[in-house]
Amino acid sequence: ADVPVTFTGHPLTDEVVADKSKQQARDQLKIENKTTMGLFPGSRSGEIKRVLPILLEAAKLIRQKKPELQFVLPQASTISSDDLAEFSETMEQLAIKVTDQPFYDVIQSCDVILCASGTAVLEIGLLEVPMVIVHRIAAFSYFILSRLVSIKHLGLVNIIPGKEIVKEFIQQDARPPDIAGEALRLLDDTSYYDSMKHELSLIRQQLGGGEGSKNVAKLAYTMLNQA
């Protein structure tokens, strides 16, 4: 639209900084120091209802192949125990550790994460943890949005570089067997895992390298002096 724009950086690059090893993060969560998969269904009750059942079915399939694997699920402050109650039996069967520990500690404890699309995807990407993106919204909402939105990807880790780094399983394509297959590939294929980790490591640079707030202040000061 020929409007002058200055990109000042993204605030998460300053906020999201790795400060623990996997073992330290697992110690913080009081879980075993072994291969860990995160189930991140989102922070709203609607996401829990639509996404968590898919993640749990995928987790069952993954557990069949990887019985030694442990699962961890962060419970956001916006999610009540009642929101998770209907899934408690399945979560107990899978021995899923539900935790309210700091979100970034949970991320850093994981080897692979199955994540609902949202800000968490970028936070996970900045901490360089390979993941699978899962997204399902109300059918009518998807019908409307699919006609309004023209971008190819939903996950910020794919939008920012303009290519698919992380596999996305959206709406009718969010099938547990396919999600489980991608998660298992990440666990079993070292070169694939390392490649995704490397691509995620580049995102921080693409977001401007930090100090976004200072950059905004400097830009505002310059513009005021030029007025």
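The values are calculated or read from the model by the stated rules, or taken from the named source; none is laboratory data. Because the structure is predicted, anything quoted here is derived from the model rather than measured. In this analysis, Cβ positions are derived from the backbone assuming ideal geometry, glycine residues included, and neighbour counts consider all displayed protein chains. Please note that ligands, DNA and RNA were not included when accessible areas were found on the heavy atoms of the full protein model with its side chains. Shrake-Rupley method; radii C 1.70, N 1.55, O 1.52, S 1.80 Å.
For this structure, a couple of remarks:
- Checklist (1) at negative phi; (2) in contact with a strand residue (DSSP E or B) (Cβ under 7 Å, 6 or more places away or on another chain); (3) touching a residue at least 60 places away in the same chain (Cβ under 8 Å); (4) not in a helix (DSSP H, G or I) applied to GLY42, failing item: (1)
- Helices (runs of 4 or more DSSP H) contained entirely in segment 173-227, each with at least 2 residues that are within 22 Å of ILE62 (Cα to Cα) and under 17 Å from the mean Cα position of the chain (by Cα): 176-188, 190-201
- Residue check for GLU47: surrounded by 15 or more Cβ atoms within 10 Å (Cβ to Cβ), under 19 Å from ILE124 (Cα atoms) and among the acidic types (Asp, Glu): yes
- Check on THR99, open to solvent by 50 Å² or more (accessible area, probe 1.4 Å) and farther than 24 Å from ILE170 by Cα: no
- Cross-chain or 6+ apart pairs with Cβ under 8 Å, segment 147-166 first and farther than 17 Å from GLU182 by Cβ and open to solvent by 50 Å² or more (accessible area, probe 1.4 Å), then among the aliphatic types (A, V, I, L, M) and assigned to a loop (DSSP other than H, G, I, E, B): ILE159/ILE151; ILE160/LEU207
- Applying the criterion of being touching a residue at least 60 places away in the same chain (Cβ under 8 Å) and among the basic types (Lys, Arg) to the residues of segment 176-227, the residue that is surrounded by the fewest Cβ atoms within 10 Å (Cβ to Cβ) is LYS197.
- Selection status of LYS34, modelled with pLDDT of 95 or more, out of contact with any Leu (no Cβ under 6 Å at 6 or more places or on another chain) and not in a helix (DSSP H, G or I): yes
- Flag if VAL72 is within 16 Å of VAL106 (Cβ to Cβ) and at pLDDT 95 or above: yes
- Complete set of residues in segment 1-31 that are open to solvent by 90 Å² or more (accessible area, probe 1.4 Å) and outside any loop (DSSP other than H, G, I, E, B): GLU15, GLN23, GLN24, ASP27
- Meets criteria (open to solvent by less than 50 Å² (accessible area, probe 1.4 Å) and over 11 Å from the mean Cα position of the chain (by Cα)) for VAL72: yes
- A single entry from LYS167, LYS163 fulfils the requirement of being touching a helix residue (DSSP H, G or I) at 6+ places or on another chain (Cβ under 7 Å) and among the basic types (Lys, Arg): LYS167.
Yes/no matrix, rows are residues, columns are (1) within 18 Å of the chain's Cα centre (by Cα); (2) within 14 Å of CYS115 (Cβ to Cβ):
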site	(1), (2)
PRO11	yes, no
GLN23	no, no
PRO41	yes, yes
LYS49	yes, no
ALA59	yes, yes
SER77	yes, no
SER80	no, no
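- Filter pass, GLU128 being under 20 Å from the mean Cα position of the chain (by Cα) and on the phi > 0 side of the Ramachandran plot: yes
- The selection criterion, being over 29 Å from GLY9 (Cα atoms) and part of a helix (DSSP H, G or I), holds for ASP83.
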